[in-house]
Each structure stands twice: as C-alpha cells, then as structure tokens.
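A short reminder: the numbers here are calculations on the coordinates, not readings from a lab. Treat the numbers as computed from the prediction; the structure is a model and nothing was measured. When we count neighbours, we look across all protein chains shown, and the Cβ atoms used for this are built from the backbone with ideal geometry, even at glycine.
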Amino acid sequence: MNYLPVLIALIKAVLMVAVVVVIAAYAVLAERKIAGWIQGRYGPNRTAFPVIGYIPILGKMLTRLGVFQPVADGLKFIFKEDPIPGHVNLVYYFLAPCVAFIPAMTTMAVLPFGEMDGQPLVLANLDIGMLFLLAVSSLGVYGIILAGWSANSKYPFLGGIRGSAQMISYELAMGLSILPAFLWANAPGSETGMSLFNVVQSQDQLWMVIWQPLSALIFLVALFAETNRLPFDMPEAETELVAGYNTEYGSMKFGLFFVAEYTHIVIGSGVLTVLFLGGWNFFPGLPSPWPGGWVGGVLSTLWFLLKVFTVVFFFMWIRWTLPRFRYDQVMRLGWTVLLPLALANLVLNAIFIALFDNWFV
Amino acid sequence: MAFKILERKPLNWAERTYLPQIITGLKITLWNLFQKKVTLEYPDVRPVIPEGYRGIPTLVKDPKGREKCVSCQLCEFVCPPKAIRIQPGEIPEDADYAHVEKAPKQFDIDMLRCIYCGFCQEVCPEEAIFLQNDFSLSGYSREEMVFPKAKLYEMGGTFPDQHNKWGKKQQAAEEAKAHG
C-alpha cells in the first residue's frame, strides 16, 4: 500500500490547522489592540521575548505592537492550574471544550483560500462544500449547550440556553441568505452544486456583494450571531452572565473555547470573503493579475488573506462600536426581520433568474 | 415656562433599519482609533502630583540638619488608626541644640495602618512631619512596612524652615546672657 498520498494530505492538514490557529491567536491580539486604540489606550505592549526583543529598533517596535503577547497567553493557558469545580457533571464538563473545538477546526477543510493554474488551493474540494461547512459549524453549538449545562450553575446555564436559541434562530436566516449566491453562481444544469470554489470563480467580474447586497447583509448579521460576537454575544454577555457558558472553565479548557471562538471568526470571515467578496479575485471588473504556477498561488492566497483580515478587523470594529442587544430583541430580529427578509430575497431572486433565463437566454 | 417640549419625530424608513446610525457609530470609533492615546504608562511615566497631595507621612529636618520633632506625641494621639508609635527621649546636655530638650528616641509609622489623612501634619506644632508625594509603597513583610525613624528621615529629607523658632530662642538666650 502506498502511504505517500496519505502522508502528504496529513502534512497539508497540519499546516492548515497551524496557520489558522496562529491567525486566530493573532486575532485575539488584534482584538485587544483595536479595543485599546478605539478606547484611547495602547493595548498590550509590554510582553518582550528574550532574544528578538533585544534587537535595537525592531525588537522594541515588535514589543510595542504586542507581537509576543499571543505566545505568553498561550503558554499561560497551558501551564495554569486547572481547577475543576465540585458541582459539575464531569463527563460533559470535559466533553464540552472538545465538542466546541473540533467543529471549529474541521470547517477549514473545505474552505478554498487560493487558486493555482485554475485549480483551487483547498484541503478538500467538495461539491457540497457549503453544506458541509454549515453542517459542521452548527455542531459547535453543542459545545456551548454542554458547557452551560454541565457546569451546573446559573450563569453558564443561562448562557447555554441563550446560545442555543440564538444559534438555531440565525442558522435559518444564514442558510437562506447564501442560497441566492449559489443560484447566481451556477448556470442551469451545472453539476458544481454548492462548491465554494465555483462560487469564487463565478465572481471574477463582479463581486457578489455588489450584485446581492441584501444577501450579503443578512449573511453578515447572521455570521455575527453564529460566531457569538457583539452585538450578539448572548452566550457570553460578560456584563450580565459573568462569562456565560465558560464561567466554570479555566486554564486550557477555557483556552479551547477561546481558540474555537476566534477560529470561528477567522473561518467565518473566510466564508464571507469566498461567498460575497470575490475570494482571491482582484477587483470587480479587473481580471486577476496572478501569474501561473506557485507564484500565482501564493499571490492569490495573500490577496485572499488580506480580504479575510479586513473582515476580521470589521468584526472587531463592530464589537467596540455597538452595544449588546437584549435577548428578546435578538430573537425578534432573527425571526421577524431576518428570516422573512431572507426568504423574500431568495424567492425574488429565483423568480428573477427564471424570467431572465426565459427571456434572454 | 423655563422648559421646552421637543417634538419627537417618528423614525423614517432608513432610520428604522438602524443601518445609517450604525455607520455613524462606526465612523466615530474609526476616528477614535487614530486619536492620541490617553494612557499614562505608569511605572515608566509618573503622573504629575498636584499641590497638597497626601502621600506617605515622613519626618523632616530643618535646613541646618536638626531633627525638628520634639516628641510631643500629639501626632501619636491624633492618629486615627494609631499608626504612629513614639518613644520620647532627651537630647544630651552637650549637644548643639540642647535647649530643645526632647527628641524622639524611637519614631515608628506603620505604613500598613496609615490612612494618609494628614492629621499628623496638621497637628504638629513643630512642622516636623509632612505628607510627601510618594504614593506607592510595597514590601515583603508586615515588619518591613513599619518604618523606623532613620528611614522616615531618609525619605523626608530637609524642608525649608520659615520660623527658625529654636534658633531665635537660642539667640534670645545668648543675648540675655550677654546683657547679663
């Protein structure tokens, strides 16, 4: 039996996970820096690394930017004492961080992040990529429910209830808001289905956000709710619920929740970029200038990452701008505004496409 | 009537979506992102201490290096948390300022008890105890935080003496002796 393909796939997967986790760790830093800057503070700027920190100008600059902070945070999570409260349900208490962490790490498998000679750079180019992504990412809610329930105390419990209600409500609007994008991306009778690569390729002239702004807006709002970001951070709501579902967690178990949350943000930004911001396509109306071969692959990946980071910045920017919604407002917005809007949007687009195909094609 | 009733207009369609308001908010936060930071990077940059600040209490000497405290123990009695402990002592006959007669043998301030009220400074008839600008004290044990006399003088230093009370007394005594 030939083990080489398996080995290569394994190396690729580990590389992808490593890169995404590092991006997630630096997203935490970015969050703290942006929070500081918006509030007139500096953010973390003291953590120095022995050798690199002593380089005359560069070391000082990196320290001021807080570049070493994620390393310190990660080490702290690993080496901290891990207290286990006496009142928890141990099985689910230990299971919950894993259940939250694994879907967050799995969704990246189908996310294309670049193209090389017309082929997608992706771990698994599935025809049902979007379906897989929605299915797996919605499993993440079990982590929150289990964490809230197993902790056996009131604040995590409330956080868990809110989280589950919110994520189920907004999943509907999210699923419906991406359908118009796929309707427009696929020609009648094509077999690409819900492939994410195909969606990006169809946006080489016009980004979907310009053509489908309403879908993009609904998707963005639902994405905020799905990733539990402010103004929809019901499960965490640190001013109301201590720390929400992860109140009783400490050390690396809390770290897993934390990394999962930020991985969700990074992957969510990636999905938004793929679906509505044209993926690695250059600008609307301009052909992509990426040359063939690996140079083009690297350039398109960098361009894609730039867009993702912009969206991540937008996430943080919103967080420090808008206050949290009340729980009933979240539910009302989800069920009475976003869901009908997404449905109407889908139906109108379908009718429009049907008429368009009949009259002009 | 001194007040005005504002008419509340109903929100129009765009306002009811809240999106224009969100964009305005985003603009404000983005503007703030590039403003000057207000953080004082504390251990490196110290705040400017205003006049009349009540930091740690210390004993001071007069410009000639004489210890001003005469161990009258008023501060010990007035101290609300009883942070000050004084053992009065006598000044030996052959000293320069023998006519002051008394000086503290021991003068301890327990900085863990001190509440920085400034009563000791206010009550002192000799202007010998002053609250300084220093506000951050730390130590590894409780014993270490009871500051003895030597340390209090070291932290206090010398203060200008406007009255020169004991110098005048000495001078007057000498003049009286000269006139016989």
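Bridging of A:LYS76 to lysines at a Cα separation below 27 Å is possible for A:LYS33, A:LYS60, A:LYS253, once same-chain residues fewer than 8 apart are set aside. Filter chain A for me: DSSP H helices, axial length by Cα at least 27 angstrom, mean Kyte-Doolittle hydropathy not below 0.0. List them by residue number. In chain A, the long hydrophobic H runs are A:4-38, A:129-150, A:154-185, A:251-276, A:293-319, A:339-360. In this entry, segment B:57-160 is assigned a mean projected area of 6.4 nm², taken as a quarter of its C-alpha convex hull surface. Taking the fewest neighbouring Cβ atoms within 10 Å as the starting point, the ordered list for A:PHE94, A:PHE157, A:PHE356 is A:PHE356, A:PHE94, A:PHE157. When you filter the chymotrypsin sites (Phe, Trp or Tyr not before Pro) in segment A:221-280 for DSSP loop state and at most 10 other Cβ atoms inside 10 Å of their Cβ, nothing is left.
Could you work out [θ]222 nm for chain A from helices alone, using -39500 (n - 2.57) per DSSP H run of at least four and dividing by all its residues? Round to the nearest 500 deg cm²/dmol.
Values: 14 runs with 236 residues, N = 361.
That comes out to -22000 deg cm²/dmol.
At 0.890 mPa s and 25 °C, plugging the Kirkwood radius over alpha-carbon pairs of the protein assembly as shown into Stokes-Einstein gives what diffusion coefficient in µm²/s? Here the translational diffusion coefficient equals 84 µm²/s. Mind checking which lysines have their C-alpha under 17 Å from B:LYS149, skipping anything on the same chain fewer than 8 residues away? Those lysines meeting the cut-off are B:LYS61, B:LYS68, B:LYS82, B:LYS102, B:LYS105. Between helix B:19-33 and chain B there is an angle of about 30 degrees, using the helix long axis and the longest principal axis of the Cα atoms. Per the Kirkwood formula applied to alpha carbons, chain B shows a radius of gyration over Rh ratio, Rg over Rh, of 1.35. Size of segment A:83-360: Rg and Dmax of its alpha carbons, in Å, are 19.7, 69. Arranged from fewest to most other beta-carbon atoms within 10 Å of their beta carbon, A:LEU196, A:LEU355, B:LEU26, A:LEU29 become A:LEU355, B:LEU26, A:LEU29, A:LEU196.
Could you check how many percent of all C-alpha pairs in segment A:46-202 are farther apart than 19 Å? Kindly include the intermediate steps, with their values, before the conclusion.
Details: 8648 of 12246 pairs.
That fraction is 71 percent.
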